[in-house]
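Student: Right, I'll just put the structure down here and ask away after.
Laboratory data are not the source of any read-out in this text; all were calculated from the coordinates shown. Values in this document were obtained by computation on a predicted structure and should not be read as measured data. Here the Cβ is made from the backbone with ideal geometry for all residues, glycine too, and neighbour counts use every protein chain on show.
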Amino acid sequence: MRGLVTAGETMGLLVQSTPGVPRAGEAMAFGIGGSESNVAIGVRRLGVPAVWIGRLGDDAAGALVRRELRAEQVEAAATTDPAPTGLMIRWRPAPQRGRVEYFRQGSAGSHLCASDIPDALVADAAVFHASGITLALGDDPARAIAHAVAVARAAGVTVSFDLNYRRALWDETAAAPALTAAVAQSDVVFAGAQEAAIVTGTIDPLESALALEALGPTQVIITLGAAGCLARIDHTTHEVPALSVAVLDTVGAGDAFVAGYLAELVLGAPVERRLATAVAAGALAVTVSGDWEGMPDRRSLELLGQVEPVVR
């Protein structure tokens, strides 16, 4: 099966174990995190092959990224870089509230360049997926994504783009033209309402979806958190409500949503199935702590609608 190929930065991740003011000697959980690899893990768990392209340092964090992706059966097309693997720290000032600090300037992942992109892998994919995070890392990563998109479009590969705006990396003035250009080169676009406004100038979901659609993509999905999503697919509007779940950690919900949609797209599912799986995947992700650990598999999706809490 032709699957998903994505490119970006994956980092080591430290998470404050107990909410509140950090205390000396407090335990921190160490793992990995990165939007593009999160999506790759998500689609792989749903039965679609996935490849992640990036750069990693020759260090413990880089080795952990490789091991975790291998364990999730995601192929890592990763170049080893002399710079260290980036690091992010997620503080938890209160339950269900987080604050992220990045230590990625000059990191291995920020050195991603066009020569790191295996053209044959991209050209053989069903979907190439990228996000605005990589565009914000610098000129070389942005050129790497532009190169991959050009290869994908020339080969007839569907191009997917998540705006994924991070104000810690760039301001809206710098982001707007780059995000607009990326949307115009994409077939499928994902954005939160506030992110979409950077390009469209409006937070109204339907107005934003129509404005993004006018730039070229045939599939535009506006995620609305607890309100579900609104989509414009092939010039038709779809609205899907969110599912009611007990929220533990909202980190990774957007990536799970994207993974659910793209997995079904690769498998040729109809629009209604794509959106339903996306909403369900996002809902399940928030019931588990972690960036990608809550990405559901097919069995988890089936159990979501079960009334009995235990299957015997």
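Student: Over the chain, with a single point scatterer placed on each C-alpha, what log10 of the ratio I(q)/I(0) does the Debye formula yield at q = 0.06, 0.12, 0.13 1/Å?
Tutor: Log10 I(q)/I(0), no solvent term: -0.18, -0.76, -0.90.
Student: Something else about it: Between Glu26 and Cys113, what FRET efficiency comes out of the Förster formula 1/(1 + (r/R0)^6) with R0 = 45 Å and r the beta carbon distance, rounded to 0.05? Write out the running numbers ahead of the final one.
Tutor: Numbers: r = 38 Å, r/R0 = 0.85.
FRET efficiency, Cys113 to Glu26: 0.75.
Student: Work from the charge dipole of the chain (Cβ charges, +1 for Lys and Arg, -1 for Asp and Glu, about the Cα centre) and give the residue of Thr134, Gly20, Gly282 farthest towards its positive end.
Tutor: Gly20
Student: Most exposed first by the Cβ proxy, i.e. fewest other Cβ within 10 Å, how do Cys229, Cys113 rank?
Tutor: Details: Cys229 24, Cys113 15.
Final ranking by Cβ density, sparse to dense: Cys113, Cys229.
Student: Also: Counting other beta carbons within 10 Å of each Cβ, put Ile198, Ile145 in order, fewest first.
Tutor: Numbers: Ile198 19, Ile145 26.
So the residues, fewest neighbours to most, are Ile198, Ile145.
Student: So how do Asp249, Asp162, Asp171, Asp119 line up by other beta-carbon neighbours within 10 Å, fewest first? Write out the running numbers ahead of the final one.
Tutor: Values: Asp249 21, Asp162 29, Asp171 11, Asp119 15.
Going from least to most buried by this count: Asp171, Asp119, Asp249, Asp162.
Student: Across the range 60-70, in residue order, what do the Karplus-derived ³J(HN,Hα) couplings come to in whole Hz, using 6.51 cos²θ - 1.76 cosθ + 1.60 with θ = phi - 60° and x for Gly and Pro?
Tutor: 4, 5, x, 5, 5, 4, 4, 5, 5, 5, 4
Student: Give me the number: length gained by fully extending Arg298 to His235, i.e. 0.36 nm times residue separation minus the C-alpha to C-alpha distance, one decimal in nm. Let's see the in-between values first.
Tutor: Working: separation 63, 0.36 × 63 = 22.68 nm, distance 2.94 nm.
Length gained, Arg298 through His235: 19.7 nm.
Student: At 0.36 nm per residue, minus the direct Cα-Cα distance, what do Ala154 and Ser17 gain on full extension? Give it in nm, one decimal, please. Display every interim value, and only then the final one.
Tutor: On the way: separation 137, 0.36 × 137 = 49.32 nm, distance 4.64 nm.
44.7 nm is the gain from fully extending Ala154 to Ser17.
Student: With only Lys, Arg, Asp and Glu charged, each at its Cβ (+1 for the first two, -1 for the last two), find how big the charge dipole of the range 134-208 is about the Cα centre; round to the nearest 20 debye. Display every interim value, and only then the final one.
Tutor: Working: 4 positive and 9 negative charges, 46 e Å.
With Lys and Arg at +1 and Asp and Glu at -1, about 220 debye.
Student: Expressed as a rounded percentage, what relative contact order does the range 4-303 have, with Cα pairs under 8 Å and six or more residues apart? Before the final figure, lay out each step's value.
Tutor: Working: 687 pairs, mean separation 48.4, N = 300.
So the answer I get is 16 percent.
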